[in-house]
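The values are calculated or read from the model by the stated rules, or taken from the named source; none is laboratory data. Treat the numbers as computed from the prediction; the structure is a model and nothing was measured. Here Cβ is always computed from backbone atoms with ideal geometry, including for glycine, and neighbour counts include all displayed protein chains. Accessible surface is based on the protein model in full, side chains and every heavy atom, while ligands, DNA and RNA are left aside. Shrake-Rupley method; radii C 1.70, N 1.55, O 1.52, S 1.80 Å.
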Amino acid sequence: MTDEHKTATLTVDGKSYELPIFSPTAGPDVIDIRKLYAQAGVFTYDPGFTSTASCDSTITYIDGDAGILLHRGYPIDQLAGKSHYLEVCYLLMYGELPSATELEDFEARITNHTMIHEQMNYLFRGFRRDAAPMAVMVGVVGAMSAFYPDSTDVSDPWQREVASIRMIAKMPTIAAMAYKYTIGQPFVYPRNDLDYASNFLSMCFAVPAEDYQVNPILSRAMDRIFTLHADHEQNASTSTVRLASSSGANPFACIAAGIACLWGPAHGGANQACLEMLKEIGTPDRIPEFIARAKDKNDPFRLMGFGHRVYKNTDPRAKVLKESADEVLDLLGIEDNPTLQVARELEKAALADPYFIEKKLFPNVDFYSGIILEAMGFPTSMFTPIFALARTVGWVSQWKEMIGDPQNKIGRPRQLYQGDTQRDYVDVEDR
Ligand code: SDX
C-alpha cells in the first residue's frame, strides 16, 4: 500500500470523519473503514461485496473493464501460450517464475505426492455409484486431515508448505478416482513417468485391460485448461477458503469448503450448466427463444457462461478457450460440432443484443470450456471437478498468503438487522 496520506471525509449526523485512502499498485484506491464503527458507530453495507476489498494480495490482478488477468504480473494469455500448469503453480505459490532447477525440483515434489493414503480408497465406497463426483470430492478432501495429521498445524510454515504440495499433487488423483468410482471402473494409480496433465488423463481414461497412450493434443489442452482456471483474485470460492481459514481451521477442511462453494451454477458449476444449456438449445434457430428468456425479468433463466462480477469486457480466459476449442476439435477430427456451432451463434447474437451490451455481459471462462472437455471424453459431471482441481493452487496460494500475514484475524462481518426488537416470551396457553 502506498500514499497513505490521502483521506476521504465521511459525515454522519453532522460529524465528519477522516478515513485513510490507500492506493494499490494497480486498480482502484481503497478507503480504510476498519475504525469506522468504533469512531462513528455505523457499519458499511455491501451484500455480495460489490464494492468491498476483503484483503490485500499480491497474487492475481483483474482489470474487468480492460479484460486483463495477471498472475504475479504476467498476463494469462502469455502464461497459457508459453508456460505450463505446474510452472504457473510455482509462480502463484512463490511469486516468481522458477529457474530450470527450481522447476525440476518443484515438479518432482508434486510427482512424489500424487498417491493418496491407501485407506482413503474405502471412503469412495461409502458413496452411491451415481453420486456426483463433486460430492465425492468435497467429502474426500474434507477427510484428508484425518489421513495427513502431520500437515494440519497452520502455525507451522513447514506444515503449511507440505499441505500445499499435497493438495496440488493429490487433487487430480482424487478427482480421477471420483470419476472412476461413478463409472464402475477400477481406480488407476498415478504414474511418476507422466507429466501432471497426462497423469490426470491416464488416471481417468486408462483401464487395466490394455495399455493407455496419452494423446499429446489432449494433454496440452488439459494443461492449458488447468492454467486458465488456476486463480482468480477474491472470487466466491477463494473468499470462502479465506474465511474458513481465518478461524485457524486445518487446510484440508478449508479447501473442501472452497470446493463446496465452487459447486454452485453461478460459479464453478456454470461450465456444466452452460454445456447443458447449449445442448438444450440444440440448434441455432432456437437461440432467440433463449435470449428472450435470459432477458425476461420474470424468468430466472440466465445464459450460463455469460456475465461476470468483475469482467465488463470479454474474459481473457474465454478468448483463449474459444481458440482452443477450435484447435482441439479440429485436431481430434471432430467436424461441425453442433454444440460449438450453437455456442458461436449464441455469442454472436448475445453480443449484438442491446440488453447484453448495456449490461456488459460477455462470455466468461465457463462458456467454451465444456465444449473442449466434452470433446476430450469427459462427462458434464466432471467439468466442475476439473475446475476445482485446477483452482486448488489458487486457493492454496491465497490461503498461504493470508495465514502468513501477521495482521490476519478471524473474519466476522456484521449485518443490517431487520428483525423484531426485544419482546418477552409468551407461554403457549397465552398465545
Ligand atoms: C465464474 O468471481 C469470479 O472470478 C468467478 C470465476 C472464477 O474464475 O473464479 O470467474 C468463475 O464463476 C464465472 C461466472 C460463471 N457463472 C455463470 O456463467 C452463470 C451466469 N452468470 C450470472 O449468474 C452472473 O453473470 C454472475 C453470477 C456471473 C455475476 O453476477 P453479478 O455480478 O451478481 O451480476 P448480477 O447478477 O447483478 O447481474 C447484473 C445484471 C442483472 O440484471 P438487472 O437486475 O441489473 O436488471 O445482469 C443480468 C442480471 O439479471 N445478468 C444476466 C446474466 N448475468 C447477469 N442476464 C442474463 N444472463 C446472464 N448470464
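Scanning region 265-279 for residues that are open to solvent by 50 Å² or more (accessible area, probe 1.4 Å) and either more than 8 Å from the ligand (Cβ to nearest atom) or among the small types (G, A, S) (or both) yields A266, Q272, E276, K279. Inspect all residues belonging to region 131-151 and state whether any of them is within 16 Å of the ligand (Cβ to nearest atom), open to solvent by less than 20 Å² (accessible area, probe 1.4 Å) and touching a residue at least 24 places away in the same chain (Cβ under 8 Å). The answer is yes; a qualifying residue exists. Among the residues making up region 75-88, those that are over 16 Å from T58 (Cβ atoms) and surrounded by 14 or more Cβ atoms within 10 Å (Cβ to Cβ) are I76, D77, L79, A80, S83, H84, Y85, L86, E87. Scanning region 214-230 for residues that are open to solvent by less than 40 Å² (accessible area, probe 1.4 Å), away from the ligand (no atom under 16 Å from the Cβ), among the hydrophobic types (A, V, I, L, M, F, W, C) and in a helix (DSSP H, G or I) yields L218, A221, M222. Of note, K400 does not satisfy the criterion of being charged (D, E, K, R) and surrounded by fewer than 18 Cβ atoms within 10 Å (Cβ to Cβ). Taking the conditions (1) touching a strand residue (DSSP E or B) at 6+ places or on another chain (Cβ under 7 Å); (2) closer than 25 Å to K82 by Cβ in turn, G305 satisfies each one other than (2). For region 295-321, a tally of residues being assigned to a helix (DSSP H, G or I) and surrounded by fewer than 20 Cβ atoms within 10 Å (Cβ to Cβ) returns 2. Within region 350-397, the set of residues being buried (at least 24 other Cβ atoms within 10 Å of the Cβ) and polar (S, T, N, Q) comprises N364, S369, T384, T392, S397. Sub-6 Å Cβ pairs linking a first residue in region 391-403 that is closer than 16 Å to G248 by Cβ and of a type in the set (A, V, I, L, M, F, W, C) to a second residue that is more than 15 Å from the ligand (Cβ to nearest atom) and not in a helix (DSSP H, G or I), at least 6 apart or interchain, are M402/N408; I403/V154, ordered by first then second residue. Of all residues in region 266-286, those that are more than 16 Å from I371 (Cβ to Cβ) and assigned to a helix (DSSP H, G or I) have Cβ atoms under 9 Å from Cβ atoms of residues that are open to solvent by 10 Å² or more (accessible area, probe 1.4 Å) and within 15 Å of the ligand (Cβ to nearest atom), 6 or more apart or on another chain, in R286/E280.
Pairs linking a residue in region 352-370 that is farther than 20 Å from N271 by Cβ and within 9 Å of the ligand (Cβ to nearest atom) to a residue that is part of a helix (DSSP H, G or I) and open to solvent by 40 Å² or more (accessible area, probe 1.4 Å), with Cβ atoms under 6 Å and 6 or more positions apart or on different chains, are Y355/K295. Scanning region 231-254 for residues that are more than 16 Å from the ligand (Cβ to nearest atom), of a type in the set (S, T, Y) and open to solvent by less than 40 Å² (accessible area, probe 1.4 Å) gives S245, S246. The selection criterion, being near the ligand (Cβ under 9 Å from one of its atoms), more than 28 Å from V141 (Cβ to Cβ), in contact (Cβ under 8 Å) with a residue 12 or more places away in the chain and open to solvent by less than 50 Å² (accessible area, probe 1.4 Å), does not hold for L262.
Table: residues versus (1) in contact with a Cys (Cβ under 7 Å, 6 or more places away or on another chain); (2) surrounded by 24 or more Cβ atoms within 10 Å (Cβ to Cβ); (3) under 24 Å from A132 (Cβ atoms).
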site: E161; (1), (2), (3): no, no, no
site: A169; (1), (2), (3): no, no, yes
site: A176; (1), (2), (3): yes, yes, yes
site: I183; (1), (2), (3): no, no, yes
site: P186; (1), (2), (3): no, no, yes
site: L194; (1), (2), (3): no, no, no
site: N199; (1), (2), (3): no, yes, yes
site: M203; (1), (2), (3): no, yes, yes
site: Y212; (1), (2), (3): no, no, no
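Evaluate region 148-159: report whether one residue or more is within 20 Å of the chain's Cα centre (by Cα) and part of a helix (DSSP H, G or I). Scanning region 148-159 turns up no residue that is within 20 Å of the chain's Cα centre (by Cα) and part of a helix (DSSP H, G or I). Is at least one residue of region 99-113 touching a residue at least 12 places away in the same chain (Cβ under 8 Å) and on the phi > 0 side of the Ramachandran plot? Among the residues of region 99-113, not one is touching a residue at least 12 places away in the same chain (Cβ under 8 Å) and on the phi > 0 side of the Ramachandran plot, which makes the answer no. A residue that is out of contact with any Leu (no Cβ under 6 Å at 6 or more places or on another chain), part of a helix (DSSP H, G or I) and closer than 30 Å to K35 by Cα occurs somewhere in region 402-425.
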